[in-house]
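Heads up, the thing below is written out as structure tokens.
What follows draws every value from the coordinates through simple rules; no lab data is involved. All values derive from a computational prediction rather than experimental measurement. Glycine also receives a Cβ, built like all others from the backbone with ideal geometry; neighbour counts cover every protein chain displayed.
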Amino acid sequence: MDSILNLAANTQEHRVVVGVAIAVPLRRVFHYLVPADYAIEPQAGMRVKVPFGKSTKIGIITECLSVAQWEETSKLAASTHAANIDNQASSHSAALLKQPGEQQSLLANPPAVAALKTLLSIIDSSPLLPDSLLQLYFWLEKYYHAPPGEIWQTLLPVALQKGQPAESPRESRWCITPQGEAALQQNRLAKNAVKQRLALDSLSQHADGIAHEQLQQHQLSLATMKSLAGKNWVIRRFQQVSDNNQNHHRGSVIHSHNQLDLNAQQAAAVSQINQSLNQFKSFLLFGITASGKTEVYLQVIEKVLASGKQALVLVPEIGLTPQTLSRFQLRFNAEILLLHSAMTDQQRLQNWLKARSGQASIIIGTRSAVFTPLKHPGIIILDEEHDLSFRQQQGFRYSARDVALVRASIENIPVVLGSASPSLETLMNVHKGKIEAIHLTQKAKATNELNYRIIDLKKQAIQQGLSIELIQLIKQHLNQQGQILLFLNRRGYAPVLLCHDCGWSGSCSRCDIHFTYHHQNHFLQCHHCGSSRKAPAQCPDCYSEQMVPVGHGTERLQESIRQLFPQAKTARIDRDTTRRKSAMQEFVTAVKSGEIDILIGTQMLAKGHHFPDVTLVALIDMDGALYSADFRAPEFAAQLITQVSGRAGRANKPGEVIIQTHLAEHPMLHQIIFEGYASFADAALAERIETELPPFSYSAMFQAESPHLNATQKFLDDVKEILLRYQNLNVELLGPAPAIYTKKAGKFRYQLYLQTTSRNQLHQLLALTLNDIEALKSASKVRWRVELDPMGDY
Ligand SMILES: Nc1ncnc2c1ncn2[C@@H]1O[C@H](COP(=O)(O)OP(=O)(O)OP(=O)(O)O)[C@@H](O)[C@H]1O
Ligand SMILES: [Zn+2]
């Protein structure tokens, strides 16, 4: 950047052209002039206020050019584009092809500097992000082919996007004054002023004072402090939390009494990772469930903190963050922060700033926390790396796992991916030697193997969705005081509400799928678009009152269990019962304290929970997961079974796992049960090679949606036509074809799939065509996006 600015200084004018990312869905930046005598030197990563159309917008500078450079690049971009030989087409140069409000006809004739608008102000006096994250931004832009403005919406906390100053939080601390010290020494307090004496005592022991927010923790009341302040014995000091603040821990970074003695495998894992603490290296901590992966993370982080660096820990669900937080708090004598989507904008900003300033030592967060700036980056840990929630499925779509790997390489630090059921993508990287696998094959505490049983539902007597065999087992485990976990990946009461007389069934007209019946509030809800209505008491077609719920969801399963086992205490954990912020935490506490006998829930239960008393886990219905049309279905099902089963037998009680299905012969089930996940994964990888599917090929997907079927088809046909201009590139086009869920919220969804064995050629093709695709007339009639490495949501 320096050289660019120097260059600018040497040109005839001191004007500088900046490229600005603005939150609009266009793959380009917009160029503005900086006023000649502007006091702040523009740099990439600073926010600016710019005129945009008839309004003003806040954007982020992504490049600074001298006037001469700008004209040079514009010409170059125009000519290379004309010759169609632009290969690595960075969208910087592509962006230069168009200016606000100007058409592509200007290509050969880049607009003169005079035609550029001037920016209104530069908001920041220094870049918001460290260099490393700016580099990451450029990688994101190139890899995901996403609009720069959308990427920045993900990179920055909302408060900053709205223009709030990026200032470290002002902290206030109560301190004792010299007069106060004297009063304390000379015992000048009234006899009955007990609280005041206690307060002065406490403050006198804290040389830096006590933070205002922590008064309560020290049993000090604001009223006491105020009356002491009236006597000038204490003072409230406001201070900026300094940007140079190193992590605050005094003395040891850990509370060592909480540390566990590692077993041999854990110890080997810790020392292997510790050897690479000052360099980029990616590890897969492939440890079976309950093998003690968290203890490995904790002990590695201890070393990182001791060297004055920070650790970034990513977990899949908000529900898991409080648990992870408390486990970390028990161990570390250091500032630990949370970052997740359920926080207010202000909380997020404050925590983001504390991470950036180095004040916080450990940052625990979900997906988007992977973009948290760190002053002293030391390590990135991504737990449950196979989990789909690490993929952003709205707006700018990215994989937090892939981003973590790239970020670690830019920051030259280690990254640890942990899982008992790693994704095939990660396992392929292990085979290629890009990721080093570390294995934990033993449970940390448990001594008993899990006992699996498949219950073939074919021709079985079934009582309320449960086989007689399973009901017997539940009875047994209840008698032996074991906790039971029933897993069913379908919330609500029943997936269908049917008229017994005429066959009418409620379905969402906007999505073409059945409404799920929710019994508690007696309503029908579409689990696709969320729309809901009162459930009819009479059939809307034949007015019969014989409305019957068909199939089982978690709500009905809980009802059945209550009828079958009236003495047992049950709890249901799914999206409907955990809407309240603290609900999940309350459930977890209740389960751990033994208040719950039978726990019923969706995949929320599968993730990382440590419930030592669970002895029986049953997967009530695995048919759906095995029948899915997605080629990744067996992988996802295998991960699910591994994770759900892993909740049983985690401590000294033996564990039993039951799988109910009509597909009892499915080879995947047998592989998982008898050979383990690793062996399943090997076979699945071999199959992907044979069929040339990801991760052995690379893919991208255009998806378009519109209330008009024709519009989506027309757009994707046009896209295909443009892509076909480059048949020299080895990319196969599949479609356009309807998405698996063809209709959602009243919109038809179609997709065009790109597949290739050359990632490079895929990127080239997209870089060459996306500007033309954006400019398509048919593009303005649909909502569309392009997604790299699409997964899960088709
Ligand atoms: N070295 C050890 N000695 C004794 N107990 C241990 C040791 N390491 C871990 N544990 C305990 O074993 C239990 C399981 O550990 P942990 O939750 O870290 O497993 P995990 O590998 O993360 O499992 P999952 O993949 O299922 O989330 C915890 O209660 C933990 O405290
Ligand atoms: Zn719907």
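The percentage of C-alpha pairs in the stretch 443-560 whose separation is greater than 24 Å is 42%. Extending 7 Å from the Cα toward the beta-carbon at both Arg575 and Asn448 defines two label points whose distance is 3.6 nm.
Taking each DSSP H run with n ≥ 4 as -39500 (n - 2.57) and averaging over every residue of the chain yields -9500 deg cm²/dmol at 222 nm. With the simple model of a label 7 Å out from the Cα in the direction of the Cβ, Leu724 to Arg562 spans 6.0 nm. Toward the positive end of the charge dipole of the stretch 698-788, about the Cα centre and with charges on Cβ (Lys, Arg +1; Asp, Glu -1), which of Phe748, Leu770, Ala737 goes farthest? Toward the positive end, the furthest listed residue is Phe748. A simple spin-label model places the labels of Ser204 and His662 7.9 nm from each other, with each point 7 Å out along Cα-to-Cβ.
Compute and list, largest first, the equivalent-ellipsoid semi-axes of the chain from the alpha carbon gyration tensor, each √(5λ) rounded to a whole angstrom.
On the way: eigenvalues 401, 349, 140 Å².
Each semi-axis is √(5λ); the values are 45, 42, 27 Å.
Find the all-direction average of the projected area of the Cα convex hull for the stretch 256-440, expressing the result in square nanometres with one decimal place. With the hull built on Cα positions only, its mean projection is 10.0 nm². Going by neighbour counts of Cβ atoms within 10 Å, the residues Tyr753, Tyr144 line up, fewest first, as Tyr753, Tyr144.
Its residue count N sets the reference 2.2 N^0.38 Å, and the alpha-carbon radius of gyration of the stretch 698-788 equals 1.03 times that reference.
Take the Cβ atoms of Ala267 and Asp501, set R0 to 60 Å, and the FRET efficiency comes out at 0.30. Between Lys459 and Ile689, full extension at 0.36 nm per residue minus the direct alpha carbon distance yields a gain of 79.1 nm.
Each peptide in 450-462, 590-602, 32-44, 481-493 gets a packing score, the mean of other Cβ atoms within 10 Å over its residues, and the list from highest to lowest is 481-493, 590-602, 32-44, 450-462. Straight-line reach from Lys54: taking Cα to Cα under 19 Å and skipping same-chain neighbours fewer than 8 places apart, the aspartates and glutamates in range are Glu102.
Just check the stretch 614-728 against the gyration tensor rule for me: Cα atoms, a ≥ b ≥ c as the square roots of the eigenvalues, rounded for a/c under 1.5, and otherwise prolate or oblate depending on whether a/b exceeds b/c. Prolate, because a/c is 1.5 or more and a/b exceeds b/c.
One Cα centroid belongs to the stretch 315-330, the other to the stretch 526-547; the line between them spans 40 Å. Around the amide H of Ser121, modelled in the peptide plane, lie the amide H atoms of Lys49, all under 5 Å away and 5 or more residues distant in sequence or on another chain.
Which FRET efficiency, nearest 0.05, do Glu469 and Ala775 yield, Cβ-Cβ r, R0 51 Å?
Values: r = 62 Å, r/R0 = 1.22.
Once rounded, the FRET efficiency stands at 0.25.
Take every Cα pair under 8 Å whose residues are at least 6 apart in sequence, average their separation, divide by the length of the stretch 170-240, and the relative contact order is 56 percent. Taking each of Lys293/Lys375; Lys303/Lys375; Lys714/Lys781; Lys117/Lys142 in turn, the alpha-carbon distance tops 19 angstrom for Lys293/Lys375; Lys117/Lys142. Here the Kirkwood formula, the inverse mean of 1/r across different C-alpha pairs, assigns the stretch 170-240 a hydrodynamic radius of 11.9 Å.
Around Pro316, under 14 Å between beta carbons, what's the net of Lys plus Arg minus Asp minus Glu among the other residues? Could you put the intermediate results ahead of the total?
On the way: positive: Lys293, Arg367, Arg391, Arg401, Lys607; negative: Glu317, Asp383, Glu384, Glu385, Asp387.
Charge balance near Pro316 sits at 0.
For the chain, the Cβ-based charge dipole about the Cα centre amounts to some 2340 debye (Lys, Arg positive; Asp, Glu negative; other atoms uncharged). Measuring r between the beta carbons of Leu330 and Ser532 and using R0 = 45 Å, the FRET efficiency lands at 0.60.
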